[in-house]
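Written out below as structure tokens is the structure these notes cover.
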Amino acid sequence: SPDGQSIAYMGVKRGCSTPECYSVYLRRADGTGPVRKLADTAALPIFTPDGTHIIYTGVPRGFTSWDLVQVAVAGDPAPVTLITGHPQVADGRVSPHGRFLAYSSNESGHWEVYLTLYPGCTGRWQVSTNGGNWPRWNGAGDRLCFAQDDDVMEVEVGGAEAPVLGTPRKL
């Protein structure tokens, strides 16, 4: 978590490879206290920058459809689907300033990186131009890196109401 007090992680049942084997958990970083299961058939948990929510990749309908789902760290534990897979979305990352959500999707037939406005998840802007996966923000939230085959790419991201994207370049 941003404050260093908690850790969110994915657990996988030994010897199992179906979506039912994956779960997301939350516990205190010092190992004390109970483990809280946040979701079954879920993977890749990440805290929002303010530490109030965890976003994870949910696989509610098997490996054919993945969703981005958010759950509160405290309070109402009900999961909220942010983006429904068409057919798959994964690895959501909220920008450090909390305005944008970067994610990977294979809706075009191959994996690309996209942005949407957060928290409402309205609008969609394609970031990568020739394939992309595993988006990661820099600390200032003005650059987004992602994997493209064996390369690491970087793109400048500006704007407030809507993202203004630079041209991806190889690092």
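Just a few scattered comments:
- Residue check for residue 11: closer than 26 Å to residue 147 by Cβ and either open to solvent by less than 30 Å² (accessible area, probe 1.4 Å) or not in a strand (DSSP E or B) (or both): yes
- Test: residue in the stretch 120-127 that is of a type in the set (S, T, N, Q), outside any strand (DSSP E or B), open to solvent by 40 Å² or more (accessible area, probe 1.4 Å) and over 16 Å from residue 171 (Cα atoms): yes
- Residue 57 among the polar types (S, T, N, Q), closer than 23 Å to residue 122 by Cα and surrounded by 19 or more Cβ atoms within 10 Å (Cβ to Cβ): yes
- Candidates are the residues of the stretch 74-93 that are among the charged types (D, E, K, R) and under 16 Å from the mean Cα position of the chain (by Cα); the one that is nearest to residue 134 (Cα to Cα) is 91.
- Selection from the stretch 61-81 of residues that are in contact with a Pro (Cβ under 8 Å, 6 or more places away or on another chain) and either touching a residue at least 40 places away in the same chain (Cβ under 8 Å) or open to solvent by less than 50 Å² (accessible area, probe 1.4 Å) (or both): 62, 63, 65, 67, 69, 70, 71
- Residue within the stretch 22-38 that is of a type in the set (A, V, I, L, M, F, W, C), surrounded by fewer than 16 Cβ atoms within 10 Å (Cβ to Cβ), outside any strand (DSSP E or B) and in contact (Cβ under 8 Å) with a residue 24 or more places away in the chain present: yes
- Looking across the stretch 159-171, the residues that are exposed (fewer than 12 other Cβ atoms within 10 Å of the Cβ) and outside any loop (DSSP other than H, G, I, E, B) come down to 164, 169, 170.
- Of residues in the stretch 93-118 being modelled with pLDDT of 95 or more and open to solvent by 30 Å² or more (accessible area, probe 1.4 Å), the one nearest to residue 56 (Cα to Cα): 93
The values are calculated or read from the model by the stated rules, or taken from the named source; none is laboratory data. Not measured: the values here are computed from a predicted model. Note that each Cβ is placed from the backbone with ideal geometry, even for glycine, and that neighbours are counted across all protein chains shown. Surface accessibility is based on the protein's heavy atoms, side chains included, excluding ligands, DNA and RNA. Shrake-Rupley method; radii C 1.70, N 1.55, O 1.52, S 1.80 Å.
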